[in-house]
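Working notes, structure below.
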Amino acid sequence: MADRVLEIDRVSKRYGSVAALQELSFEVRAGELFGFVGPNGAGKTTTMRIVLGVLAADAGEVRWGGAPITFATRRRIGYMPEERGLYPSMGVTEQLVYLAELHGMRAPDARAAAARWLERLGLGDRGGEQLQKLSQGNQQRVQLAAALLFSPDVLVLDEPFSGLDPVAVDVMSAVLREQADAGISVLFSSHQLELVEQLCDRVGIIRAGRMLAAGSVEELRSGSAPRYWVDAPGAAAGWAGEVAGATAVRVEGSRTLVELQTTASDQVLLQAALATGPVREFRRDTPTLSELFRSVVTEEPAA
Amino acid sequence: MSFASPERAALSPRRAVYLIARREFATRIRGKVFIIGTIVAVALLALYAVLQLAVIDRINTTTTFKVGFSGSATALAQPLEAASPSLGFKVHVSDIATAAQGRSAVRAGSLDALVDGTPGAPQVVVKTGIDPALQAALVSLAKQNVLSADLSAAGLSPAAVESQIDAVSLRIDTLQPATAAQLQGPIIGFVMAFALYLFIGIYGGVIGQGVVAEKASRVVEILLSTVQPGQLLLGKVVGIGLVGLIQLGIIAVCGLLFIVPTGVLALPGAAIGAVAIGVMWFVLGFVLYALMLAATASLVSRVEEVSSATVPVSMLLVVTWLLAYVVAIPAIDAVSGGAVSPGLGTLTTVLSLIPPFTPVLMSIRMAAGEVPLWEGLLSIVLVLASIAGVTWLGARIYANSILRFGARIKLTDALRRSS
């Protein structure tokens with residue numbers, strides 16, 4: 001299992017004068033859900049297309065299990081493109097079986113897998129219908145089934161949650177989690193940061209073709225300067241600025257959000273607060289992924 | 001829940017092409033172009049056969065003229081009746097007491113003509129006009145009467161002169177007797193060439209539409225993550241081409257079954273030979289044009305843009321069809337006895353050896369039976385070579401364009417980019 005890692009190694013891609021990816025590197029380990037977040041146009045879709053070989057990189061390498069990815073290994077990747085794509089007037093089961101066969105499955109296995117996945121995704125009775133007769137959300141479930149039913153080793157899903165209702169989001173999340181738990185490397189992109197935060201083992205934040213930060217949400221938090229909410233009603237305005245290494249980020253009534261340099265001590269801050277009178281609240285502020293994302297994306301200068 | 005990984009066989013290129021071709025075949029054989037096209041074509045052929053039979057039937061039914069004779073012209077009644085079978089009509093003669101009675105009978109329509117006057121100078125009364133055949137018969141009888149009278153007056157026996165005249169005949173030496181097959185060959189070839197033009201056009205169009213439909217629905221992105229562009233292209237050409245071939249076959253067989261009994265084709269053997277030649281040229285011509293159409297269609301992303309993108313290729317096909325007249329007309333002339341002007345003959349030969357024109361033009365020339373073996377083989381080799389060239393070029397354009405969505409891609413860009 002240890003060697004079943006999808007590595008994106010210093011991949012670069014230009015579209016004319018625009019650098020879409022600049023030496024982008026990250027890895028998705030086996031059994032890991034990797035959330036790929038970034039503003040529109042950051043290069044997420046380009047990265048995924050390069051992994052799937054539908055686009056060629058100008059430089060860099062994509063490796064699977066330590067070896068450069070080849071056409072044969074790509075067949076073991078389940079792919080859900082950003083723009084959904086299946087045959088609109090073809091039957092649901094018919095095209096799932098066709099796509100599974102194109103991934104090397106034999107027809108009887110393909111039919112059994114199509115039936116199982118349609119059942120699992122709540123479309124058990126819709127297999128005979130034309131795809132275009134299904135609602136947008138149900139078409140997306142079929143799309144997920146298309147990516148899953150040939151039992152891939154890697155899943156690459158571009159915005160799998162966009163356009164889904166809350167029930168479908170739950171189904172999709174559960175399926176992705178269980179795929180990762182079964183040892184599959186799952187890479188997906190999303191703008192729904194709360195969902196990514198809940199679901200993902202690790203997150204990569206990308207902007208303008210560069211990976212700004214990658215790691216578990218906990219690791220990303222530890223990379224940012226710690227912040228504390230302090231409620232000291234007796235304190236004079238600007239009290240926090242007198243503590244060494246501390247900066248007041250925001251003031252809300254009697255509450256102050258204080259950012260500490262990594263060298264500064266939170267105990268010193270607490271003592272300084274107590275010195276002003278009673279302290280009603282002293283709490284470490286854990287930033288959400290959204291906050292981390294905003295701070296990372298806005299702090300770094302544009303390339 | 002997770003499923004045990006089933007055994008996955010490696011997907012060989014051949015199996016990939018087979019799977020793609022099978023899907024195209026299964027989809028198109030249930031499609032409108034195939035079902036409605038076949039029904040309409042077979043119905044038209046049946047209609048044609050029925051009309052042919054009706055026409056033949058009408059020709060075989062001889063008309064009967066009711067002719068009344070009065071006065072001394074009555075002497076013409078018997079000779080007219082006797083001569084009528086050889087003239088291609090029947091007569092029903094009757095004696096009319098007076099000319100006035102006869103006139104009213106003609107006016108009423110119970111007589112087609114009233115013959116009055118003398119046998120040497122008959123006067124004919126008709127209602128609106130006289131049938132040319134009847135007129136010619138009466139004129140000839142009157143002339144014979146005058147001649148017989150003059151011969152008798154000159155002391156000769158009219159019967160003896162008549163038998164002498166009858167003995168005169170024309171001897172014809174045919175240097176190059178035209179067989180029915182030779183006469184029909186170019187016509188069958190022309191029909192076959194039209195079918196080729198039509199089928200290459202229709203099924204080439206299906207390919208173009210199919211390429212862009214996959215691009216428009218973005219399913220191509222999933223397909224190309226597991227098969228190579230060349231495999232996808234080849235699978236489409238094979239699958240759709242087979243459907244076209246089957247339709248062409250059904251129509252050709254129905255055509256032969258319907259038309260042979262009408263007797264329009266003297267030699268069904270010649271037609272079967274032409275169909276075999278036609279099938280070969282359909283396969284070669286279809287592959288050549290389908291690859292060009294698929295490559296040019298892949299430059300656009302929307303189905304509405306397909307026809308404008310493929311204009312250069314479809315124009316080439318239309319030009320081919322126009323050239324078919326240049327080739328077919330001298331070919332028909334040549335076998336029906338007319339001399340082929342040497343310039344046109346060379347032009348015809350040269351045109352039919354230029355690969356995009358070859359399938360349609362050669363099918364006419366081969367059906368006419370005027371193609372030397374070396375020319376036939378050369379034309380096949382040239383078409384195969386150009387298919388190889390178009391495969392390489394077309395696959396390159398297709399591979400470079402198929403994943404570039406949005407605005408129409410310039411042909412030069414599609415050729416240059418190798419990503």
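Observations on the structure shown:
- For the stretch A:1-109, applying the loop criterion from DSSP together with a ceiling of 15 other beta carbons within 10 Å to the GluC sites (Glu not before Pro) yields A:Glu83.
- Over the C-alpha trace of the protein assembly as shown, radius of gyration and Dmax come out as 43.5, 167 angstrom.
- Relative contact order (%) - the stretch B:63-154, alpha-carbon pairs under 8 angstrom, separation at least six: 32 percent
- Database remark: amide H of B:His92 closer than 5 angstrom to the amide H of B:Phe65, B:Lys66, B:Val67 (H placed geometrically; neighbours at sequence offset of 5 or more, or on other chains; Pro and chain starts carry no H).
- Between the helical axis of A:136-148 and the longest alpha-carbon principal axis of chain A there is an angle of about 80 degrees.
- With the whole protein complex present, B:Ile354 retains an accessible surface near 70 Å², based on a 1.4 Å probe.
- For the segment A:99-107, counting C-beta atoms of other chains within 10 Å of every residue's C-beta and taking the mean gives 6.
- A straight chain from B:Glu304 to B:Ile202 at 0.36 nm per residue would run longer than the Cα-Cα distance by 35.1 nm.
- Adding -39500 (n - 2.57) for every DSSP H run of four residues or longer, then dividing by how many residues chain A holds, sets the calculated 222 nm ellipticity at -10000 deg cm²/dmol.
- Fully extending the segment from B:Leu170 to B:Ile35, taken as 0.36 nm per residue of separation minus the present Cα-Cα distance, adds 43.0 nm.
- Per the Debye calculation on chain A with a single equal scatterer at every Cα and no solvent contribution, log₁₀ I(q)/I(0) for q = 0.08, 0.15 Å⁻¹ amounts to -0.46, -1.11.
- Converting phi to 3J(HN,Hα) with the Karplus coefficients 6.51, -1.76 and 1.60 and the offset θ = phi - 60°, the stretch B:78-88 yields 4, x, 5, 4, 5, 7, 4, x, 6, 9, x Hz in sequence order, with x at every glycine or proline.
- C-alpha long axis of helix A:92-102 to longest principal axis of chain A, angle in °: 90 degrees
- Residue-count net charge about A:Glu23 - beta-carbon cut-off 11 Å; Lys, Arg +1, Asp, Glu -1: +1
- Lys/Arg +1, Asp/Glu -1 at C-beta; the protein assembly as shown dipole; positive extreme among A:Gln179, A:Ala107, A:Leu274: A:Ala107
- Other protein chain Cβ atoms within 10 Å, averaged over every residue that makes up B:220-233: 6
- Rounded to the nearest 10 degrees, the inclination of helix A:166-181 to the longest alpha-carbon principal axis of chain A is 80 degrees.
- The Cβ shell under 15 Å around B:Gly241 holds other residues with a net charge of +3, Lys and Arg each +1, Asp and Glu each -1.
- Simple Cβ-charge dipole of the protein assembly as shown, Lys/Arg +1 and Asp/Glu -1, about Cα centre, in debye nearest 20: 360 debye
- Build a GNM of chain A with springs between Cα atoms under 10 Å apart, and of A:Gly104, A:Gly277, A:Gly35 the one that fluctuates most is A:Gly277.
- The mean sequence separation of alpha-carbon pairs under 8 Å and at least six residues apart, normalised by the residue count of chain A, gives a relative contact order of 20 percent.
- Probe 1.4 Å - accessible area at A:Lys133, Å² to nearest ten: 130 Å²
- Point-charge dipole on Cβ atoms (K/R +1, D/E -1) for the stretch B:63-154, about Cα centre, debye to 20: 220 debye
- Peptide A:252-265, shielding by other chains (average Cβ, 10 Å cutoff): 0
- DSSP bridge pairs, chain A: antiparallel proportion in percent, nearest 5: 70 percent
- Each other residue within a Cβ distance under 15 Å of A:Pro166 adds +1 if Lys or Arg and -1 if Asp or Glu, for a net charge of -2.
- For the stretch B:32-45, 3J(HN,Hα) computed residue by residue from phi via the Karplus equation (6.51, -1.76, 1.60; θ = phi - 60°) reads 5, 4, 6, 5, 5, x, 5, 4, 5, 5, 5, 5, 5, 4 Hz, glycine and proline entered as x.
- Whole-Hz couplings from phi, Karplus 6.51/-1.76/1.60, listed for the stretch B:203-219; x for Gly and Pro: 6, x, x, 4, 4, x, 4, x, 4, 6, 4, 5, 5, 5, 7, 6, 5
The values are calculated or read from the model by the stated rules, or taken from the named source; none is laboratory data. All of these numbers come straight from a predicted model, not from anything done at the bench. No Cβ is skipped: glycine too gets one built from the backbone with ideal geometry, and neighbour counts run over all protein chains shown. Accessible surface is based on the protein model in full, side chains and every heavy atom, while ligands, DNA and RNA are left aside. Shrake-Rupley method; radii C 1.70, N 1.55, O 1.52, S 1.80 Å.
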